[in-house]
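We did not get these values from a lab; they are worked out from the coordinates using the rules stated. The structure presented is a predicted model; accordingly, all values stated were derived computationally and were not measured. FYI the Cβ positions are ideal-geometry reconstructions off the backbone, even for glycines, and counts take in every protein chain you see.
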Amino acid sequence: MSLPLLEISDLKVNYHSDDGLIEALRGVSLTVKAGEVVGIVGESGCGKSTLVSALNALLAPNAEIAGGTVALNGRDILRRSAAEQRALRGAEIAMVFQDSMTAFSPVLSIGAQLVDFQHNMPDANHREKLARAGEMLARVGIGDPAQCLRRYPHQLSGGMRQRAAMAAALLMSPQVLVADEPTTALDVTMEAQVLHLLRSLREEINGAILVVTHHLGVIGELCDRVYVMYAGQVVEDATVDALYHAPRHPYTRALINCDPAHLEHRSSNLPTIPGRPPSLVNPPKGCAFAPRCTLADANCHANPPPRVRISPTQTVLCHKVAI
Amino acid sequence: MSALFEIHDLTVDVPLESGFMGMFKMAQPKLNILAGISLHIGAGETLGIVGESGSGKTTLALAMLGLAATSGGDMHFDGAPLGNRASFIALRQKTAMMFQDPVASLSPRMSVGALLYEPFIIHGKRVANRRAKVTALLEQVGLPPEITSRFPHELSGGQARRVCVARALALNPKLVVADEPTAGLDVSVQGEVLNLMGALKAELGLSVLIISHNLAMLRHVTDRVAVLYLGRLVEVGATDAVFTNPRHPYTASLIAAEPQPDPRKRRHDLALKGEIPSLFLRPKGCEFHTRCPHAQPMCQTTAPELRTLGEGQVRCHFAETLKLNKRSEHYGMEN
């Protein structure tokens, strides 16, 4: 079997804050193989963004890696030198951010920025780089690439900018494309188009796509496998079909039930998950979801849940899952 | 009919910067945003307004509250005509607006308590026991009294929304206008905010206008929906009817474009291609013909009128004969 392209094992990240140590990631493990589209889903504060920052070796100054590795092609990213980490970004791991307006500099044209992103390209002159940028814009479905190259970010619509951001991310043929909430800022129609584009890109790039979102619809449309995060842990991972049709963790079930798009019949009383995620300053000893879980008993509150393997492609972090 | 808010043939234009031509005192060029908008909101009703960015949803809400200048048409609130400044000031005591970004709509320098009391000061209302009033408002939206001394940046997204709801309810309004009330919220919190609004609506007999492009949410919380495209109403009808049997191709496309939280319902074709045209280059004929999968030659030349069809209204030449997707047609099984 081939080596996973990206392998995160038991990653622990803490933030130092005025309130004490925030345990943002509490032993996250995740693997991504070449050619896969993997989704990471969870609500605000579950650690999605910290995970993305760790992947890019872009953790905030007050963050501390308390353990674990992030290996790309078998080599740890976190323990490389700053220069090596810098060379990695864009070339091996590229990002598409949620807000494409702030992802581009407002004072440079799209063309100038797409050329700059190729600064690592050996023996290519400016004209070749500009031509490549144009080709990439055409590939992401921009009708008039020559004109787009001359435009400034504010002159493009949100959908166009997000396409340009994807072109920028793909310029250096990265092995892993990380899309952080790629459609949250877009309309339904633009969202559908960007999802369509991402789906067609997966066939063209020989790497993997990691989609980070809180939108279950986006995951459902796009991903092969999904990791569900809660309070800094992966609580369930499964193939996308199993996740939506046979979810095992109570949190996953609750999350799916909350999505208004999931309800067949009109209901004016929408399901919610009562309670709040726990504070990650001194996180609970037992299951982090126990206070909000309908199945929880004393054992759930007292002891950390085991990771139960349901099938070769599905694991659940829960006391209550009987094999 | 007991409509609380009535809009008749509303038009909104914005003057363009005249630039070079302005030097010659030419007629000031105008950009038309909304035209021919006729809508009503019944007492106790929830109306949803849906459309893509740039369709004029927010402008319509602003115009209704007198925050954007109108250039045609008339509006009535509770039977009284709206037009001059005084009428809108009176209106704003009985209506409340919840803006899109809750944190940005709360002054960062004011505590929650001060923010909740502000509507009373603005409208010169005396309150006997200020602290009790603030606590009561917080309780109404399910927030603890301790939150009174907090500042907006110390609130979570859901709490900030609740403070906005409490502020909107401070003066016992009859109508609440909510612009994207759930944008940026997690799904579980989104449900809480909507349920809260629904419960308060029933309890206080409010009318609500919700502006959103989140169709899944609108389907559950609205009684009627109005679909806007490039500043024109293209379809108005009861929510159930519009969602199960859309009559306008644009409505059908919007519904089909929604990502499905079920991999077995993945779609292979795009529901709606292209982008909403620029307001400066408004298409001739039917404004939707440039993106409409069912466009006929007639659509390029003749603009359809908004007409009554069954219970609802639709702006399409072929609304009777079109076989629009019943949602499932756009989906196919993967593999």
Once normalised by the length of the range B:98-158, the mean sequence separation of its alpha carbon contacts under 8 Å that are 6 or more apart gives a contact order in percent of 49 percent
Kirkwood radius from Cα pairs of the range A:251-323 plugged into Stokes-Einstein at 4 °C, 1.567 mPa s, gives D in µm²/s equal to 92 µm²/s
Under a Cβ-only charge scheme (Lys and Arg +1, Asp and Glu -1), can you give me the dipole magnitude of the range A:164-250 about the Cα centre, in debye to the nearest 20? 120 debye
Can you give the angle from 0 to 90° between the axis of helix A:126-139 and the longest principal axis of chain A, with both taken from C-alpha atoms, to the nearest 10? 50 degrees
Taking a straight Cα-to-Cα line shorter than 25 Å from residue B:284, and setting aside same-chain lysines fewer than 8 residues away, one finds B:30, B:57, B:273, B:323
Check residue A:308: other-chain or 5+ apart residues with amide H under 5 Å from its amide H, H built from backbone geometry? A:316, A:317, A:318
Report ³J(HN,Hα) in whole Hz for each residue of the range A:74-80, in order, from the Karplus equation J = 6.51 cos²θ - 1.76 cosθ + 1.60 where θ = phi - 60°; Gly and Pro get x. x, 10, 5, 7, 5, 9, 7
Please report, in debye to the nearest 20, how large the charge dipole of the range B:91-232 is about its Cα centre when each Lys and Arg carries +1 at its beta carbon and each Asp and Glu carries -1 there. 620 debye
FRET efficiency for residue B:307 and residue B:11, Cβ-Cβ distance as r, R0 = 25 Å, nearest 0.05? 0.85
In the Gaussian network model of chain A, springs joining C-alpha atoms below 10 Å, which of A:174, A:274, A:306 carries the largest mean-square fluctuation? A:274
If you project the alpha carbons of chain A onto the principal axes, what extent comes out on each, in Å, largest first? 67, 51, 45
Calculated from backbone phi, Karplus (6.51, -1.76, 1.60) coupling profile of the range A:270-287 in Hz, x at Gly/Pro: 7, x, 9, 10, x, x, 10, x, x, 5, 9, 8, 6, x, x, 6, x, 5
On a full-extension model of 0.36 nm per residue, what is the gain between residue B:296 and residue B:125, subtracting their alpha-carbon distance, rounded to one decimal in nm? 55.7 nm
Let me spell out the model: positive unit charges on the Cβ of Lys and Arg, negative unit charges on the Cβ of Asp and Glu, origin at the Cα centre of the protein assembly as shown. What dipole size does that give, in debye rounded to 20? 620 debye
Considering amide H positions built from the backbone, and no H for Pro or chain starts, which residues 5 or more places from residue B:44, or on another chain, come under 5 Å of its amide H? B:207
Label-to-label distance, nm, for residues given as residue B:268 and residue B:114 (7 Å Cα→Cβ offset): 6.1 nm
Cut-off under 5 Å, modelled amide H: who pairs with residue B:316 long-range: B:307
Order of A:186-198, A:74-86 by packing, highest average Cβ count within 10 Å first? A:186-198, A:74-86
So for chain A, if I pair up every lysine 8 or more residues apart or on another chain, how many of those pairs have alpha-carbons under 20 Å apart? 4
Would you tell me the mean number of C-beta atoms belonging to other protein chains that fall within 10 Å of each C-beta in B:189-196, as a whole number? 5
Mean shadow area of the range B:106-229, taken as a quarter of the surface of its Cα convex hull (nm²): 8.3 nm²
Longest to shortest principal axis, alpha-carbon extents of the range A:163-267, angstrom: 43, 30, 23
How high is the relative contact order of chain B, given as a whole-number percent (alpha carbon pairs under 8 Å, six or more residues apart)? 19 percent
Under 8 Å for C-alpha pairs, at least 6 residues apart: give me the relative contact order for chain A, rounded to a whole percent. 20 percent
May I ask you to list the aspartates and glutamates whose Cα is less than 15 Å away from that of residue B:174, ignoring any residue fewer than eight positions away on the same chain? B:6, B:45, B:78, B:203
Just to verify a number: FRET efficiency for residue B:104 and residue A:99, C-beta to C-beta distance, R0 = 22 Å, to 0.05? 0.90
Other protein chain Cβ atoms within 10 Å, averaged over every residue that makes up A:233-242: 1
Mean-square fluctuation check for chain A, GNM, Cα pairs under 10 Å: which of A:181, A:128, A:236 is largest? A:128
Using just the C-alpha positions of the protein assembly as shown as equal point scatterers, what log10 of I(q)/I(0) does the Debye formula give at each q in 0.06, 0.07, 0.09, 0.11 1/Å? -0.37, -0.50, -0.85, -1.26
For the pair residue A:203 and residue A:154, what calculated FRET efficiency results from E = 1/(1 + (r/R0)^6), where r is the Cβ-Cβ distance and R0 = 30 Å, to the nearest 0.05? 0.40
Over the range B:91-178, what per residue volume does the convex hull of the Cα atoms give, in whole Å³? 87 Å³
Using every Cα-Cα pair within chain B, state what percent have a distance larger than 32 Å. 36 percent
Phi angles of the range B:274-279, converted by Karplus (6.51 cos²θ - 1.76 cosθ + 1.60, θ = phi - 60°) into ³J(HN,Hα) in whole Hz with x for Gly and Pro, give x, 10, 4, x, 5, 5
Determine the shielding of peptide B:120-133 by partner chains: average, over its residues, the number of Cβ atoms on other chains within 10 angstrom of each Cβ. 0
Work through the residues other than residue B:160 whose Cβ is under 11 Å from its Cβ and net out their charges, Lys, Arg +1 and Asp, Glu -1. +2
Just grab the label-to-label distance for residue B:87 and residue A:135, each label 7 Å out from Cα along the Cβ direction, in nm (one decimal). 6.3 nm
Set Lys and Arg Cβ to +1 and Asp and Glu Cβ to -1, take the dipole of the protein assembly as shown about its Cα centre, and tell me which of A:27, B:196, B:106 lies farthest positive. B:106
Roughly how many whole Å is it from the C-alpha centroid of the range B:255-324 to that of the range A:159-177? 30 Å
